[in-house]
Amino acid sequence: MSFGPASTHDLIRLREPVALTAEGPAPSWVELALRRAPWVVVRRGHVRDGMMPVGVRGLTRSQRFAAFVSVAEMVARLSPEDLTIANHDIEQSRTDAIPALAALDRVAPLLVRWGYHWGPGGSVGFEIATGIATATTSSDLDLILRQDCQVEPNEAAELLAALAEEAAPARIDAMLETPSGGVSLTDLAAGPARVLVRTPYGPLLLVDPWMVDATALEEVAP
């Protein structure tokens, strides 16, 4: 039974460090990563039969593992928006050393002025949630943006330029969450006739991600 789309990008703390179900054997680093920090990130997809699609982060960019976890194993849940009020927990020495962490405070007032609901994702969000030093000097600042109203390409381009200026020298990787799924702010700013949308059913090219409901997505999904 399906219980609707998963809350993509949320971070989940597990009751047991290793409480995952996967389609195949997990690499050896997965257990070590979960015992160090029993947190997983919600993947895009659906909750079915009480199982949430999640991903495990390792120490390197190449260490990513897709799995499922029972909702009964979740003891804490943090959305990217929750993390915007937790960044004071990062030590100043880390903020001084990691451009992406330092950039977080600089982009916050800008996003508030533009009226976006937002929060950090990626390594920065993971570090804020867990206290584990996962962001590096080369990490992008991953941003999750939510906007109920349609964002035109010119607005996306202006916002992208403003974010890049505020965040420098850190690089920005912004994902705009729409009713249909996630759209790269960079892709939308380019003004394509159809934009790539990361939906719960897989990637789709859509004219307007704000005008497609879940039923329509399921019908056109491959």
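The values are calculated or read from the model by the stated rules, or taken from the named source; none is laboratory data. Keep in mind that this is a model prediction, so the values were computed, not measured. Ideal geometry is used to build each Cβ from the backbone, glycine not excepted, and the neighbour counts take in all protein chains shown.
A few notes on this one:
- Any helices (runs of 4 or more DSSP H) falling wholly within segment 23-97 and containing at least 3 residues that are more than 15 Å from the chain's Cα centre (by Cα) and either among the hydroxyl-bearing types (Ser, Thr, Tyr) or assigned by TED's automatic domain parsing to the domain that holds residue 128 (or both): 92-97
- For segment 98-117, the count of residues that are over 17 Å from residue 176 (Cα atoms) and of a type in the set (Ser, Thr, Tyr) is zero.
- Unique match (being over 22 Å from residue 45 (Cβ atoms) and hydroxyl-bearing (Ser, Thr, Tyr)) among 199, 178, 136: 136
Quick grid of which residues meet (1) out of contact with any strand residue (DSSP E or B) (no Cβ under 7 Å at 6 or more places or on another chain); (2) not aromatic (Phe, Trp, Tyr):
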{"site": "47", "(1), (2)": "no, yes"}
{"site": "59", "(1), (2)": "yes, yes"}
{"site": "65", "(1), (2)": "no, no"}
{"site": "68", "(1), (2)": "no, no"}
{"site": "73", "(1), (2)": "no, yes"}
{"site": "78", "(1), (2)": "no, yes"}
{"site": "83", "(1), (2)": "no, yes"}
{"site": "98", "(1), (2)": "yes, yes"}
{"site": "103", "(1), (2)": "no, yes"}
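- Pairs with Cβ under 7 Å, 6+ apart, first in segment 48-60 and over 23 Å from residue 132 (Cα atoms), second at pLDDT below 90 and surrounded by 17 or more Cβ atoms within 10 Å (Cβ to Cβ): 52/6
- Count - residues of segment 140-195 that are at pLDDT 95 or above and either among the polar types (S, T, N, Q) or outside the structural domain of residue 208 (by TED's automatic domain parsing) (or both): 3
- Any hit, segment 130-139, residues being under 21 Å from residue 183 (Cβ atoms), touching a Gly at 6+ places or on another chain (Cβ under 9 Å), assigned by TED's automatic domain parsing to the domain that holds residue 207 and without any contact (Cβ under 8 Å) to a residue 60 or more places away in the chain: no
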